[in-house]
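Engineer: Please find one structure pasted underneath; my questions will follow.
The values are calculated or read from the model by the stated rules, or taken from the named source; none is laboratory data. No experiment lies behind these values; they were computed from the predicted model shown. When we count neighbours, we look across all protein chains shown, and the Cβ atoms used for this are built from the backbone with ideal geometry, even at glycine. Surface areas here come from the heavy atoms of the whole protein model, side chains and all, with no ligands, DNA or RNA. Shrake-Rupley method; radii C 1.70, N 1.55, O 1.52, S 1.80 Å.
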Amino acid sequence: QIEVTEQMVTDLRKLSIPNATEAVKNFKRKRYVKGSSGKDLKLSVMVENIENSRQFEANALLDCGATGSCINKEYVERYNLPIRKLPLAMPVYNADGTLNAGGSIEGITEVRLVIGDHMEKIELGVTNLGKFDIFIGLDWLRLHNPSIDWSQSLVTFDRCPPRCGYIPWWINPEEG
């Protein structure tokens, strides 16, 4: 892998075994890729700070070209969202495979994300995203598998897995 460099191996050796294990698992689990044009949908969402229940509006990009979901570092700092520092920074790649000039992901924030009537806790990689607050990536799309009408910019949560906990408004839970 391109991210496995001599410096990365040196940095891993400096970590405790649990932190080194977490860092390697993070690299294996997600690859963060800045989205590509033509594969996205803009959404207005709400972000809730889990620690104090304060909510903030955000502009999100639903982007199947981004492999991992991320939040803009500037947004996190503006609203004082809690960050869990990663043991080792995770590189971010552009759609063409080059390293992103905005830098690596050094931390994760866990927030409550509200899209329409769908609400969930989600971990987002903290990085520089330019003009968007959030990239909702392929990891999220695969988990929720929503129906998307790209021409109408409509996202329907009709196939969320049970672990999501979402019950669509048109389904009576007493009948299920």
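Engineer: So, GLU123, is that one open to solvent by 10 Å² or more (accessible area, probe 1.4 Å) and modelled with pLDDT of 90 or more or not?
Structural biologist: yes
Engineer: Within the range 88-107, can one find any residue that is open to solvent by less than 30 Å² (accessible area, probe 1.4 Å) and over 26 Å from VAL9 (Cβ atoms)?
Structural biologist: No; the residues of the range 88-107 include none that is open to solvent by less than 30 Å² (accessible area, probe 1.4 Å) and over 26 Å from VAL9 (Cβ atoms).
Engineer: A further question follows. Counting only residues that are open to solvent by 80 Å² or more (accessible area, probe 1.4 Å) and at pLDDT 85 or above, how many does the range 24-51 have?
Structural biologist: Of the residues in the range 24-51, 3 are open to solvent by 80 Å² or more (accessible area, probe 1.4 Å) and at pLDDT 85 or above.
Engineer: Could you list, in sequence order, all residues of the range 133-154 that are under 13 Å from ALA60 (Cα atoms) and either in contact with a helix residue (DSSP H, G or I) (Cβ under 9 Å, 6 or more places away or on another chain) or without any contact (Cβ under 8 Å) to a residue 12 or more places away in the chain (or both)?
Structural biologist: ASP133, ILE134
Engineer: Related question: Restricting to the range 85-107, count the residues that are in a strand (DSSP E or B), touching a strand residue (DSSP E or B) at 6+ places or on another chain (Cβ under 7 Å) and more than 19 Å from LEU61 (Cβ to Cβ).
Structural biologist: Number of matching residues: 7.
Engineer: So, one more: Return only the number of the condition from (1) over 15 Å from the mean Cα position of the chain (by Cα); (2) surrounded by 14 or more Cβ atoms within 10 Å (Cβ to Cβ); (3) part of a loop (DSSP other than H, G, I, E, B) that GLY68 does not satisfy.
Structural biologist: (1)
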